[in-house]
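Working notes for the structure below.
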Amino acid sequence: MLNLTAAVTRNPRFEPLIDGTITSKILNLQFVVTTPPELFYRNLKYDEFDVFEMSLSELAISQERGEGTRWQWSALPVFPAKAFLWFGLYVNSEAGIRGIQDLRGKRVGVPDYAMTAALWFRSFLWELHGIRPQDISWHVGRTKQFSHGALVGLDQHPPTGVALRWLTEEETFDRMLDRGELDAAYSIAPRHDPKLQTFGNIDRYGGTPIAGNPRLRKLFDDGGHQLVIEYFRKTGSFRPTTPLRFKSVCSTSIPGLLWSYSSSSKKPNTQLTKGRNGGAQLIFISTATTRQTRPLSSATILFPMASKKIKRCWSFSSATPTKRA
């Protein structure tokens, strides 16, 4: 029996493995369940797990910037998370922002510039409105101590022409947005279960009232549905968020892992059934399951990103994008 440590986020797609509904005759997985920002931080900082979920964009950066034995990982075309977190974007009511087309020249806050959600955010801005990363003043919500971007060196070597400013320990998105020091930001309030966190201060909240605050307004009344439709029609693609990765030293074990878990289950549809019931495949946060796949086909939603696409998207995020077709 091979023992491996697997680190994942809370997601119904993993529940059958964690609760033992699906088991293996040759592998014993010891699970660590935590939050996305903490898991990706631990992956980059300590590289402590054998099999783990990882940010797609930070995956690409790690392959580009890793040296020696650092970040020697291999990827699986499995994407447990697909939600567009930046659709929770809030704007200051006095900033004159009616849509993402108005973000040019604005001060915009993202938890981490390197994170996948921020990468797809920049892709939407470019593809739909020709707004380059250089056209926005970016504010990073995490302090440099816990910033994924700082761990991959963006504080020392930022993308060409891009202005990045890390918040101090005294600053938080909610307070700055409320005071008009930021024009827009997302993840301005806590989203994750604090019981799952070892490092409780990665994404910080200053206590500003959000609901009913006349100075703060959600940008997307429909949760971003129309924007996804526009993007899909323009590009013909859909963006996943987090794939699974494993250490290269485990590469000979992973095919056995996949075969073992898929063949040993007495209920082969358990993962999919639980995933559907629990909403693991959801694209839009806090909306009805029946709205998730319209008008996109499920085949399109589940299609994994090819390696060439990953490199192309990261090149776009770290330099001036190429001319659009």
Where a ≥ b ≥ c are root eigenvalues of the Cα gyration tensor, a/c under 1.5 meaning rounded, otherwise prolate if a/b exceeds b/c and oblate otherwise, the stretch 132-199 counts as oblate
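In what sequence do Thr9, Thr168, Thr235 fall when counting other Cβ within 10 Å, fewest first?
Working: Thr9 20, Thr168 9, Thr235 15.
Taking fewest neighbouring Cβ atoms as first place, the list is Thr168, Thr235, Thr9.
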Here the averaged projected area of the stretch 85-235, based on the convex hull of its alpha-carbon atoms and given in nm², is 9.3 nm²
Diffing the stretch 105-116: the Karplus 3J(HN,Hα) column from phi (6.51, -1.76, 1.60, θ = phi - 60°), in whole Hz with x for Gly and Pro, holds x, 8, 9, 10, x, 10, x, 8, 5, 7, 5, 4
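For an R0 of 45 angstrom, estimate the FRET efficiency from the Cβ-Cβ distance between Arg191 and Asn3 and round to the nearest 0.05. Working shown, then result.
Values: r = 32 Å, r/R0 = 0.72.
My answer for the efficiency is 0.90.
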To the nearest 0.05, the calculated FRET efficiency linking Glu230 and Gln134 through their beta-carbon distance, R0 being 22 Å, is 0.45
Non-local residues with an amide H under 5 Å from the amide H of Trp73, with H modelled 1.01 Å from N and Pro and chain starts lacking one, are Ser248
Sorted by chain and then number, the residues having a modelled amide H within less than 5 Å of the amide H of Leu182, at least 5 places away or on another chain, are Leu177
Assertion target for Arg217, Arg204, ordered by fewest C-beta neighbours within 10 angstrom first, is Arg217, Arg204
Candidate cut points under GluC sites (Glu not before Pro) in the stretch 12-112, DSSP loop plus at most 12 other Cβ atoms within 10 Å of their own Cβ, are Glu48, Glu67, Glu94
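Which whole-number percentage describes the relative contact order of the stretch 85-235, with Cα contacts under 8 Å and a sequence gap of 6 or more? Present the calculation step by step, with values, prior to reporting the outcome.
Values: 229 pairs, mean separation 55.3, N = 151.
That works out to 37 percent.
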Counting only residues 5 or more apart in sequence or on a different chain, those whose built amide H sits under 5 Å from that of Arg217 are Val91, Ser93
In the stretch 122-179, the trypsin sites (Lys or Arg not before Pro) that sit in a DSSP loop and have at most 12 other Cβ atoms within 10 Å of their own Cβ are Arg179
Relative contact order of the stretch 32-155 (C-alpha contacts under 8 Å, at least 6 apart) in percent is 30 percent
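Suppose we keep just the DSSP beta bridges with both residues in the stretch 85-235; what percent of those would be antiparallel, to 5?
Percent antiparallel among DSSP bridges in the stretch 85-235 is about 35.
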dims of the stretch 89-158, Cα set, principal axes, largest to smallest, nearest Å -> 34, 25, 17
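Rounded to the nearest 0.05, what FRET efficiency do Thr198 and Asn28 have when you use their Cβ-Cβ distance and R0 = 22 Å?
0.40
Where a number appears in this text, it was derived from the coordinates with a stated rule and is not lab data. Keep in mind the model is a prediction, meaning the values are calculated, not measured. In this analysis, Cβ positions are derived from the backbone assuming ideal geometry, glycine residues included, and neighbour counts consider all displayed protein chains.
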